[in-house]
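Asks: Below is a structure I'd like to ask you about.
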Amino acid sequence: MDATEVIARLNDDLTGEVEAVLVYMNHHFVVPQHHTQLEMLEIALEEMHHIQQLAEVIVDLGGAPELTPRQIRFNGADVAGSLANGTMLETEAIDGYRRHIAEIDDPAIKRMLNRIMEEEELHFAKFSEMLADFEAAAAATAPTVGDLTGDGE
Ligand SMILES: [Fe+2]
Ligand SMILES: [Fe+2]
């Protein structure tokens, strides 16, 4: 695979990282009342570090980093929806990295992509865990039939 093809794949990954930073920062700002917003900020900062690593290699290879996201899938101010959206973005990222690790020959680039992919797996696990916790908490406080009819009092 020549440098142009490697650059194209790294730019694919890079645009996904830019989308992730923006989507997670959006979550951080629109649900300030919920504790997940701090974890979202932390994860957004890790995605920014992925941007830096990918962009540096792209520049080293003689390419131009593509920092305009190809799409931005914001998910509003709904905590559960945002967390589910995060698991979707992470799944896409993991699939992309896995594919590119298999396609790219350069061992140093493969290692870098593998390290990033492992962090995406941790992000996926974190979002899944936060989503499960959020849903359990919501179920625990959900009104019962008794609450709704007044029979429970
Ligand atoms: Fe990332
Ligand atoms: Fe991630």
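The values are calculated or read from the model by the stated rules, or taken from the named source; none is laboratory data. Everything quoted here is computed from the prediction, not taken from an experiment. Here Cβ is always computed from backbone atoms with ideal geometry, including for glycine, and neighbour counts include all displayed protein chains.
Asks: It is to be established whether one or more residues within the stretch 58-68 are in a helix (DSSP H, G or I), touching a helix residue (DSSP H, G or I) at 6+ places or on another chain (Cβ under 8 Å), closer than 21 Å to residue 4 by Cβ and more than 16 Å from ligand 2 (Cβ to nearest atom).
Replies: Scanning the stretch 58-68, I find at least one residue that is in a helix (DSSP H, G or I), touching a helix residue (DSSP H, G or I) at 6+ places or on another chain (Cβ under 8 Å), closer than 21 Å to residue 4 by Cβ and more than 16 Å from ligand 2 (Cβ to nearest atom), so the answer is yes.
Asks: For the stretch 33-50, which positions are under 12 Å from the mean Cα position of the chain (by Cα) and either modelled with pLDDT of 95 or more or surrounded by fewer than 18 Cβ atoms within 10 Å (Cβ to Cβ) (or both)?
Replies: 41, 42, 43, 44, 45, 46, 47, 48, 50
Asks: Sticking with this structure for a sec: Can you confirm whether residue 4 is farther than 16 Å from residue 93 by Cα and in contact (Cβ under 8 Å) with a residue 60 or more places away in the chain? If you could, list the steps in order and put the result at the bottom.
Replies: Details: farther than 16 Å from residue 93 by Cα: yes; in contact (Cβ under 8 Å) with a residue 60 or more places away in the chain: no.
No: the conditions fail for residue 4.
Asks: A further question on this structure: List every residue pair whose Cβ atoms sit under 7 Å apart, with the two residues 6 or more apart in sequence or on different chains, where the first one lies in the stretch 45-68 and is closer than 11 Å to residue 18 by Cα and β-branched (Val, Ile, Thr) and the second, anywhere, is within 11 Å of ligand 1 (Cβ to nearest atom) and in a helix (DSSP H, G or I).
Replies: 51/14; 51/17; 51/18; 51/21
Asks: Residue under question is residue 80, and the condition is that it be under 16 Å from the mean Cα position of the chain (by Cα) and either modelled with pLDDT of 95 or more or outside any helix (DSSP H, G or I) (or both); does it hold?
Replies: Details: under 16 Å from the mean Cα position of the chain (by Cα): yes; either modelled with pLDDT of 95 or more or outside any helix (DSSP H, G or I) (or both): no.
When the stated conditions are applied, residue 80 does not pass them.
Asks: Same structure, new question: Would you call residue 88 over 30 Å from residue 29 (Cα atoms), out of contact with any Gly (no Cβ under 9 Å at 6 or more places or on another chain) and assigned to a helix (DSSP H, G or I)?
Replies: Taking the combined requirement at face value, the residue does not satisfy it.
Asks: With the requirement that a residue be more than 11 Å from ligand 1 (Cβ to nearest atom) and either crowded, with 19+ Cβ neighbours inside 10 Å or farther than 21 Å from residue 39 by Cβ (or both), what does the stretch 107-126 give you?
Replies: Passing the criteria: 107, 108, 109, 110, 111, 112, 114, 126.
Asks: I've got another one for you. Among the residues of the stretch 46-63, is any small (Gly, Ala, Ser) and more than 16 Å from ligand 1 (Cβ to nearest atom)?
Replies: There is at least one residue in the stretch 46-63 that is small (Gly, Ala, Ser) and more than 16 Å from ligand 1 (Cβ to nearest atom).
Asks: Which is away from ligand 2 (no atom under 14 Å from the Cβ), farther than 18 Å from residue 2 by Cα and under 12 Å from the mean Cα position of the chain (by Cα), of 74, 127?
Replies: 74
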